[in-house]
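Structure, as structure tokens:
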Amino acid sequence: MRIGVPKEIKTLENRVALVPSSVQELTRCGHEVFVETNAGAGIGISDAEYTAVGAKILPQASDVFAEANMIVKVKEPQPIECKMLTKDHTLFTYLHLAPDPEQAKLLLASECCAIAYETVTDAYNGLPLLSPMSEVAGRMAIQAGAHCLEKTQGGSGILLGGVPGVPSAKVVILGGGVVGINAIRMAIGQEAHVTVLDKSLRRLKELDLQFASRLNTLYATAHAIDKAVVQADLVIGAVLVPGASAPRLVTRDQLKRMRKGSVLVDVAIDQGGCFETSRATTHDKSTFEEEGVIHYCVANMPGAVPRTATFALNNATLPFVLALANRGVKQALLEDPHLLNGLNVYRGHITYKAVAEALDQPYVPALEALCEGS
């Protein structure tokens, strides 16, 4: 297979889809890998390191798209990239289509095969390609939130852990999944007063066993969310419905009742955000204020630590890239139901139900679309 790695072009996105060690695994299997020049420069990987393991360096993205039949990326394709895709391409990347009708429209028009990292599953009912970035984002959420609480950043001037004689900040985490547990670890490590809310009693029991008296657990009713949020100094939005738009859990009215200078970090912003007032921001302008509350809603949070994030992502994606390349895309999808769950768009059809429902588009089951495309 001919595999292409374009340089990421989303604002201040320095991650790269394949590192040299991943490229080496692919070239050892007889595949060709085309890398856009300086694709890895943002994390200190030179073109020479890619050529040393058999990659071919091409001068611009259009050359990569023209040479490759599988495009491997990190972030969703931007409009200029979508327009380079054809029915002969397979795209493997994060898509987050539910809140992005324009991207969906362009992918459908291209008739490409688009497989989303965030909906690939595993035998443990997990999301193995979303998990490493969720780990990074969960840990970063507390780091970002603590910074935003500083007075110079518009925050209320509270130190997360307090000091002797002064209480620590109240941190509320909505969702006890991968993002949530990593945020909990960081917040507890900074000696904040931490509360997590989740709708799964089983998950709350697991968290209680793991963190004991250092963590407060609440069942996520509307009343409990309201009470916790309005008293919080820092709220982390860590909810996820795979493939679908995130539920809106915090309203503008609740923001009005929060302390001025409190902070919201919306890790769910890739799926539309879980706060009513959220809108996507970028690393160069990461925050905005609504109702006196600071919002941090960066849509590619792990991009702030691109070297760590890139290697973590490659550890997870490489086996799937190899499967697609070694078996052929269609065969790999048919043989692995977990990889098949990643298929979001195929030959002009939306093949993931939650995405189709969010976008109010017709839904064609993945297997049906594959058979129809034979």
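The numbers here are math on the coordinates, done by the rules we state, and not lab data. Note that the structure is predicted; figures quoted are calculated from it, not measured. Methodologically, a virtual Cβ is constructed for each residue, glycine included, from the backbone with ideal geometry; neighbour enumeration extends over all protein chains shown.
Please give the FRET efficiency for GLU372 paired with GLN331, using the beta carbon to beta carbon distance and R0 = 22 Å, rounded to the nearest 0.05.
Values: r = 16 Å, r/R0 = 0.75.
Efficiency, from the Cβ-Cβ distance: 0.85.
Stretch THR51-ARG214 to full length: gain in nm at 0.36 nm per residue minus the Cα-Cα span? Numbers along the way, then the final one.
Numbers: separation 163, 0.36 × 163 = 58.68 nm, distance 4.99 nm.
Result for the pair: 53.7 nm of gain on full extension.
To the nearest whole percent, what portion of all C-alpha pairs in the range 29-157 is separated by more than 18 angstrom?
On the way: 5460 of 8256 pairs.
I get 66 percent for the Cα pairs in the range 29-157 exceeding 18 Å.
For the residue pair GLU291 and ALA41, what label-to-label distance in nm results when each label sits 7 Å from Cα along the Cα-to-beta-carbon direction?
4.4
Could you tell me what % of all Cα pairs in the chain have separations over 27 Å? Spell out each step's value before the answer.
Numbers: 33928 of 69751 pairs.
The share of Cα pairs beyond 27 Å in the chain comes to 49 percent.
Within the range 93-129, list the residues whose amide N lies under 12 Å from a label point set 7 Å along Cα→Cβ of GLU357.
Nothing falls inside the zone, counting backbone N under 12 Å.
Hey, what's the Kirkwood Rh for the range 131-304 if you take every pair of different alpha carbons, in angstrom? Show your work: numbers first, answer last.
Working: mean 1/r = 0.0642 Å⁻¹.
The answer is 15.6 Å.
Mean separation of Cα pairs under 8 Å and 6+ residues apart, divided by the residue count of the range 131-304: what relative contact order is that in percent?
Across the range 131-304, relative contact order equals 21 percent.
Given the range 104-191, what whole percent of its Cα pairs are spread farther than 20 Å? Display every interim value, and only then the final one.
Values: 2001 of 3828 pairs.
Value for the range 104-191 (Cα pairs over 20 Å): 52 percent.
Of ALA224, VAL267, ALA192, whose Cα points farthest to the positive end of the dipole of the range 192-267 (charges on the beta-carbon: +1 Lys, Arg; -1 Asp, Glu; origin at the Cα centre)?
Ranked along the dipole, the leading option is ALA224.
Which of the lysines could a cross-linker bridge to LYS227, judged by Cα under 23 Å and excluding same-chain residues fewer than eight apart?
Once the sequence-local lysines are set aside, what remains near LYS227 is LYS170, LYS199, LYS205, LYS256, LYS260.
Modelling each spin label as a point 7 Å along the Cα-to-Cβ direction, I'd like the LEU12/LYS199 distance in nm, to one decimal.
3.3
In nanometres, what is the gap between the two model label sites at ALA222 and GLU206, each 7 Å from Cα along Cα-to-Cβ?
So the two model labels end up 2.8 nm from each other.
Based on the Cβ-Cβ distance from PHE311 to ILE80, what FRET efficiency comes out when R0 is 35 Å, to the nearest 0.05? Before the final figure, lay out the partial values.
Numbers: r = 27 Å, r/R0 = 0.78.
In this case the efficiency is close to 0.80.
Would you be so kind as to identify which of TYR296, LEU58, GLN331 lies farthest towards the positive end of the dipole of the chain, taking Lys and Arg as +1 and Asp and Glu as -1 on Cβ and the Cα centre as origin?
Comparing the listed Cα positions along the dipole, TYR296 ranks first.
Mean Kyte-Doolittle of at least -1.0 plus a Cα span of 18 Å or more along the axis: flag which DSSP H helices in the chain meet both, please. All intermediate terms of the calculation are to be shown ahead of the outcome.
Values: long enough: 131-148 (25 Å, 0.19); 306-327 (30 Å, 0.42).
In the chain, the long hydrophobic H runs are 131-148, 306-327.
Sequence neighbours fewer than 8 away in the same chain don't count; with that in mind, list the lysines whose C-alpha is under 26 Å from LYS83.
Reachable lysines: LYS7, LYS10, LYS56, LYS73, LYS75, LYS105, LYS330, LYS353.
Taking the Cα of GLU191, stepping 7 Å toward and past its beta carbon, and measuring to each backbone N in the range 140-160: which are under 17 Å?
Output list for this probe position: 146, 158-160.
Nothing charged except the Cβ atoms of Lys and Arg (+1) and of Asp and Glu (-1): what's the magnitude of the dipole of the chain about its Cα centre? Round to the nearest 20 debye.
Values: 34 positive and 39 negative charges, 163 e Å.
Dipole size: approximately 780 debye.
Which FRET efficiency, nearest 0.05, do LYS151 and ALA66 yield, Cβ-Cβ r, R0 41 Å?
In this case the efficiency is close to 0.20.
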